[in-house]
Amino acid sequence: MLAREGAKVVVNDLGGGPAGGGSDVSVAAQVVEEIRARGGEAVANHDNVATMEGGERIIKTALTSFGRLDILVNNAGIVRPRIIYNMSESDWDDVIDVHLKGHFSTVRFAAPIFREQKSGVIVNTASESGLGHLGQSSYSAAKEGIIGFTRTIARDLGRHNVRCNAIRPRAATRLFNEEALAAMQRTRNLLGNAGALGAGSNPLDDKPEQVAPLVVWLCTDAAANVNGRTFVVGGDMIGIYPEPAPERVIVREGGWDLDALDRIAGNQLTNGLCNEFSGAK
Ligand SMILES: NC(=O)c1ccc[n+]([C@@H]2O[C@H](COP(=O)([O-])OP(=O)(O)OC[C@H]3O[C@@H](n4cnc5c(N)ncnc54)[C@H](O)[C@@H]3O)[C@@H](O)[C@H]2O)c1
């Protein structure tokens, strides 16, 4: 869609499996072919975003191929769902590296260019899994890390007329299969409300094509006042998340001790809360 709207595109894709193994150059090449067949301009890049060298080469590919860089969309991802007591160090590291470091590795090399030219747009890819998704602790941690990263990049670069926003997309891709949906539905059942994960559309009916317009719009001047924000997008639905702030605040002169917490906090701070995260079997 970016190409259709006139962008010259570097299509980066390692072409690995959904859990991160292997690589296949034909994946990016096929997208480039599709773009060219429709009259657009694109080049393929197969670097690994989980490395700094990979991130640097991706950004350099834009400069050497097209002479400039205006838009960076961070979208690479893998999943290794494991309940926390079965999660290995490598499962954890690999997921954090592709998502969280994979955002840093490209932004780090795009940032000086954007700062110098006093313009640029970044769209990052988080996930509703960050809200708390059974068996996805590595993925959730990386994705919520990306939200915090987005806010800070929005401040670091906002002063230089650069914007950085994040999306929590939904689409029935190979990452979001029946197994992932079952885990999400279990989490929703446990949450006991429809207010968060996956509510508002049926993820298995949602298509990547329905995510693209928001991403492209965020890259246009029409979104000039949108910086540091997080969106959810799936099917016909788009939502914007509030920025977190404490729900209730209590202050006690001289500070808190356990007795004071027992006496007051239960009434004034946590009264009425239900432990919606418990119940995982
Ligand atoms: N599909 C959903 O419902 C959903 C929900 C929330 C978030 N997301 C996020 O959306 C993004 C896109 O996922 P998708 O659903 O299109 O899945 P996908 O598997 O079709 O696409 C992910 C792509 O990332 C590439 N990739 C993986 N590791 C890489 C690396 N180290 N370097 C370069 N490329 C790499 C893969 O080769 C793959 O083509 C991911 O960040 C994912 O976490 C998807």
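When we screen A224, A196 for residues that are at pLDDT 75 or above and hydrophobic (A, V, I, L, M, F, W, C), the only hit is A224. Within segment 35-84, the set of residues being exposed (fewer than 15 other Cβ atoms within 10 Å of the Cβ) and within 30 Å of M184 (Cβ to Cβ) comprises I83, I84. Quick check on segment 118-133: of everything there that is surrounded by fewer than 21 Cβ atoms within 10 Å (Cβ to Cβ) and away from the ligand (no atom under 13 Å from the Cβ), which residue is farthest from V73 (Cα to Cα)? Within segment 118-133, the match that is farthest from V73 (Cα to Cα) is G132. Among the residues of segment 1-59, those identified as farther than 17 Å from E209 by Cα and acidic (D, E) are D13, D24, E33, E41, D47, E53, E56.
Table: residues versus (1) within 15 Å of the ligand (Cβ to nearest atom); (2) among the aliphatic types (A, V, I, L, M); (3) assigned to a helix (DSSP H, G or I).
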position: A50; (1), (2), (3): yes, yes, no
position: I58; (1), (2), (3): yes, yes, yes
position: T64; (1), (2), (3): no, no, yes
position: G77; (1), (2), (3): yes, no, no
position: D93; (1), (2), (3): yes, no, yes
position: F109; (1), (2), (3): yes, no, yes
position: E116; (1), (2), (3): no, no, yes
position: S138; (1), (2), (3): yes, no, yes
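On inspection, V11 does not qualify as assigned to a loop (DSSP other than H, G, I, E, B) and in contact with a helix residue (DSSP H, G or I) (Cβ under 7 Å, 6 or more places away or on another chain).
Selection of first residues in segment 45-69 that are at negative phi and of second residues that are more than 9 Å from the ligand (Cβ to nearest atom) and in a loop (DSSP other than H, G, I, E, B), restricted to Cβ pairs under 7 Å at least 6 apart or on distinct chains, gives the following pairs, ordered by first then second residue: H46/V25; I59/L69; A62/L69; L63/L69; F66/K8.
F231 meets the conditions (1) open to solvent by less than 80 Å² (accessible area, probe 1.4 Å); (2) of a type outside the set (S, T, Y); (3) more than 19 Å from E144 (Cα to Cα) in every case but one. The failed one is (3). Restricting the first member to segment 100-129 and to residues that are of a type in the set (A, V, I, L, M, F, W, C), and the second to residues that are open to solvent by 30 Å² or more (accessible area, probe 1.4 Å), the beta-carbon pairs closer than 6 Å and six or more apart or on different chains are F109/E56; V121/I71; V123/V73.
With respect to S88, determine if the residue is within 13 Å of the ligand (Cβ to nearest atom) and on the phi < 0 side of the Ramachandran plot. Considered against the rule, which asks whether it is within 13 Å of the ligand (Cβ to nearest atom) and on the phi < 0 side of the Ramachandran plot, S88 comes out as no. Restricting the first member to segment 190-217 and to residues that are at positive phi and within 11 Å of the ligand (Cβ to nearest atom), and the second to residues that are at pLDDT 75 or above and not in a loop (DSSP other than H, G, I, E, B), the beta-carbon pairs closer than 7 Å and six or more apart or on different chains are G198/E128. Taken as a whole, the structure leaves S23 outside the set of residues that are away from the ligand (no atom under 16 Å from the Cβ) and surrounded by fewer than 18 Cβ atoms within 10 Å (Cβ to Cβ).
Of the residues in segment 151-160, none is over 20 Å from L218 (Cβ atoms) and of a type outside the set (D, E, K, R). Per the conditions (1) closer than 30 Å to M184 by Cα; (2) at pLDDT 95 or above, the sole criterion not satisfied by D24 is (2). Across segment 114-132, not a single residue is classified as at pLDDT below 95, charged (D, E, K, R) and over 17 Å from the mean Cα position of the chain (by Cα). Restricting attention to segment 208-241, report how many residues are touching a Ser or Thr at 6+ places or on another chain (Cβ under 9 Å), part of a loop (DSSP other than H, G, I, E, B) and not small (G, A, S). Summing the residues that are touching a Ser or Thr at 6+ places or on another chain (Cβ under 9 Å), part of a loop (DSSP other than H, G, I, E, B) and not small (G, A, S) in segment 208-241 gives 3.
The values are calculated or read from the model by the stated rules, or taken from the named source; none is laboratory data. Predicted model, so just to flag it, every value in this text is computed and none were measured. As a convention, Cβ positions derive from the backbone with ideal geometry for all residues, glycine included, and neighbour counts pool all protein chains shown. For accessibility, only protein heavy atoms count, side chains too; no ligands or nucleic acids. Shrake-Rupley method; radii C 1.70, N 1.55, O 1.52, S 1.80 Å.
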